[in-house]
């Protein structure tokens, strides 16, 4: 597999297969939302679009980066989300990096969204797809966020080499600027457990696939092939 690691601004024409990585915190939050029962996640282009979608669908749950704001139900924090019952709900998400990255590759034939919490599941989906080329979108810090790059590199390795040790990749993520800013309270809308939750390797066994549905970019939970299924494929 030929793996490319690009920032959002470096993307050219739509890749065939894209893995959009946002460890701290967009796609860790999405994974928790699915674990708490959410049916789907709608990725909004802007805060205004998120609020407009919420206005049209009052039963949807809207969340954003930063501090609480009028019209939004929650903030982009896995620690705050993990105790919320989202059974059957639709979540509208707008973040600084993760949602932007997914929307930037919306024309790709396959878009996976990932963090460490779904790393192995994402690697299994890529193995099942058996794509020759995969573009990993490193969303944070204009493509230089080490937590996102470390996760992307780890998933790429796991896709082709099942025995890859995660320790060094998790260490890099834990020492990243994003981790420090979350731990030190530089960012708003943060729970004390957010960094630890973002670094939980393979907490969930499902992958997350985004696709256009009626002009909206919608993220859905995707069950992955089991190791036995992979071996017999």
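The values are calculated or read from the model by the stated rules, or taken from the named source; none is laboratory data. Only a predicted model underlies this, so the values are computations on that prediction, with no experimental measurement involved. Cβ coordinates were reconstructed from backbone atoms using ideal geometry, including for glycine residues, and neighbour counts include every protein chain displayed.
Look at residue 53 and say whether it is under 21 Å from residue 211 (Cβ atoms), in contact with a strand residue (DSSP E or B) (Cβ under 7 Å, 6 or more places away or on another chain) and buried (at least 22 other Cβ atoms within 10 Å of the Cβ).
Numbers: under 21 Å from residue 211 (Cβ atoms): yes; in contact with a strand residue (DSSP E or B) (Cβ under 7 Å, 6 or more places away or on another chain): yes; buried (at least 22 other Cβ atoms within 10 Å of the Cβ): no.
It is false that residue 53 is under 21 Å from residue 211 (Cβ atoms), in contact with a strand residue (DSSP E or B) (Cβ under 7 Å, 6 or more places away or on another chain) and buried (at least 22 other Cβ atoms within 10 Å of the Cβ).
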Query raised in the report: Mind checking whether some residue in the range 16-29 is within 15 Å of the chain's Cα centre (by Cα), without any contact (Cβ under 8 Å) to a residue 60 or more places away in the chain and part of a loop (DSSP other than H, G, I, E, B)?
Result: no
Query raised in the report: Of these, 49, 45, which one is assigned to a helix (DSSP H, G or I), farther than 30 Å from residue 162 by Cα and at pLDDT 95 or above?
Result: 49
Query raised in the report: Inside the range 113-131, can you point out the residues that are surrounded by fewer than 22 Cβ atoms within 10 Å (Cβ to Cβ), in contact (Cβ under 8 Å) with a residue 12 or more places away in the chain and part of a loop (DSSP other than H, G, I, E, B)?
Result: 131
Query raised in the report: Out of the range 127-140, which residues are in contact with a helix residue (DSSP H, G or I) (Cβ under 7 Å, 6 or more places away or on another chain) and closer than 22 Å to residue 100 by Cα?
Result: 134, 136, 137, 138, 139, 140
**Report entry** Hits in the range 153-178 (condition: surrounded by 15 or more Cβ atoms within 10 Å (Cβ to Cβ), assigned to a helix (DSSP H, G or I) and touching a residue at least 60 places away in the same chain (Cβ under 8 Å))
**Finding:** 153, 155, 156, 159, 173, 178
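Suppose the filter is touching a residue at least 40 places away in the same chain (Cβ under 8 Å) and either in a strand (DSSP E or B) or within 17 Å of the chain's Cα centre (by Cα) (or both); does residue 84 pass it? Write out each step before concluding.
Values: touching a residue at least 40 places away in the same chain (Cβ under 8 Å): yes; either in a strand (DSSP E or B) or within 17 Å of the chain's Cα centre (by Cα) (or both): no.
No: the conditions fail for residue 84.
Being assigned to a helix (DSSP H, G or I) and surrounded by fewer than 22 Cβ atoms within 10 Å (Cβ to Cβ) narrows it down to one residue among 147, 107, 181; which is it? Break it down stepwise before answering.
On the way: 147 fails: surrounded by fewer than 22 Cβ atoms within 10 Å (Cβ to Cβ); 107 fails: assigned to a helix (DSSP H, G or I).
From the options 147, 107, 181, the qualifying one is 181.
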Query raised in the report: Could you say whether any residue in the range 192-207 is in contact (Cβ under 8 Å) with a residue 60 or more places away in the chain, loosely packed, with under 14 Cβ neighbours inside 10 Å and assigned to a helix (DSSP H, G or I)?
Result: no
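For the range 89-96, does any single residue satisfy the condition of being in contact with a strand residue (DSSP E or B) (Cβ under 6 Å, 6 or more places away or on another chain), farther than 18 Å from residue 114 by Cβ, modelled with pLDDT of 95 or more and surrounded by fewer than 20 Cβ atoms within 10 Å (Cβ to Cβ)? Give the derivation first.
Pass one, the range 89-96, residues in contact with a strand residue (DSSP E or B) (Cβ under 6 Å, 6 or more places away or on another chain): 89-94.
Okay, now just the ones that are also farther than 18 Å from residue 114 by Cβ, so 89-90, 92, 94.
With the extra rule that they be modelled with pLDDT of 95 or more, the set shrinks to 89-90, 92, 94.
Retained after the next criterion (residues that are surrounded by fewer than 20 Cβ atoms within 10 Å (Cβ to Cβ)): 89-90.
Yes, some residue in the range 89-96 is in contact with a strand residue (DSSP E or B) (Cβ under 6 Å, 6 or more places away or on another chain), farther than 18 Å from residue 114 by Cβ, modelled with pLDDT of 95 or more and surrounded by fewer than 20 Cβ atoms within 10 Å (Cβ to Cβ).
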